[in-house]
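Read the structure below first, then the notes.
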Amino acid sequence: MVTLVSVPFTLLEAITAGWILGLFMCKLVSFLTVLSSTSSVLTLMCIALDRYNAICQPYKSRVLQSNKRAIQLLSAVWVISVIIALPLLYVSSLREITDIRDGKEYALCVENWYSSSQKMAFTFFVVAMTYLVPLALMVVLYARIWHYLWVKNTITSEFHQMASSAAKRKKKATQMLILVVFLFFVCWTPYHIVTIRREFPKFIDNETNRLILAFITLLAFSNSFNNPIVYAFLNGNFKQCFLATLKCKNVRHENVNCDTLHPPHGDGGEEGVN
């Protein structure tokens, strides 16, 4: 959805003088853009929760990590995302603007709220639900995973012998956890800062600022490009099964279930985190 809806229409709006696709598409694209980004972020939050249970509570996770629970979590993600994005179907509208330089009229796709306070309240609500809460939860959960791997599960002997497979897995797992939070922070922070800044006076909605906003928006959407790389291609289990699926080469699957890609519990290493 981010690739097919959010990115191309953000680019289209940036390179054209105004919104050229009419009222229906204005409402639909606004709704789908918030829906796709919200569901993506909430899914990352669920992945963090799932990893925490798998690493720090391996025995409990055997019960928690079931198809039923996965369906419940994913259903909750989409229901919440629809609720958050739903107001955009109502408030999105076209505003006619006249260019004072040449007298031409063009339309902008904007949010038409009853009052500025309503718009500001909605903006802060979206920022909290799609950025502050997920970021805080991911930081806390991944910090607890790091503590479990490196402090509670002492690896003093392994640390002095970094060639050992267990120490290497834990080192890679730690790097991956840091990378996940870092990419989320880098991609989404500028967007939400600008989003909040636009709610205050003295923000000039000119062509230059619209281009800057388009670039920052695309940077935020790029987090969806980073996710498959971080969560999939840095996962040893996934790479083995992916190559086996494509039949590019013979791959030995030792302790890897390619039907579920579900990692073994209790090791606390790369497989457990991935």
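FYI, it's all coordinate maths here, none of it is from the lab. What you see is a predicted model; the values in this text were computed from it and never measured. Every residue, glycine among them, receives a Cβ derived from its backbone with ideal geometry; neighbour counts consider all protein chains shown.
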(message) What distance in nm lies between label points placed 7 Å from Cα along the C-beta direction at Ser93 and Asn67?
(response) 4.8
(request) Taking amide H positions as placed in the peptide plane 1.01 Å from N, state which residues far from Ser92 in sequence (5 or more) or on other chains have amide H under 5 Å from it. (result) Asn112
(message) My understanding is that a pair violates if its Cα-Cα distance is over 28 Å; which of Lys68/Lys119; Lys60/Lys247; Lys27/Lys104 do that in this structure?
(response) Lys68/Lys119; Lys60/Lys247
(request) Work out, step by step, the length gained on full extension between Ile229 and Arg198: first 0.36 nm times the residue separation, then minus their alpha carbon distance; give nm to one decimal. (result) 7.9 nm
(request) Show me 104-114, 48-58 ranked by packing, highest mean number of other Cβ atoms within 10 Å first. (result) 48-58, 104-114
(message) Suppose R0 equals 35 Å. What FRET efficiency, 1/(1 + (r/R0)^6) with r the Cβ-Cβ distance, do Ser117 and Leu11 give to the nearest 0.05?
(response) 0.65
(request) Take peptides 220-226, 2-8 and line them up by average Cβ neighbours within 10 Å, highest first, as a rough protection proxy. (result) 220-226, 2-8
(request) Report the net charge of residues surrounding Cys109, where surrounding means a beta-carbon distance below 12 angstrom and charges are Lys +1, Arg +1, Asp -1, Glu -1. (result) 0
(message) If amide hydrogens are placed 1.01 Å from N in the peptide plane, which non-local residues have theirs closer than 5 Å to the one on Trp19?
(response) Ala107, Leu108, Cys109
(request) Give, in nm to one decimal, the length gained when the segment between Ala128 and Ile212 is fully stretched (0.36 nm per residue of separation minus the Cα-Cα distance). (result) 28.0 nm
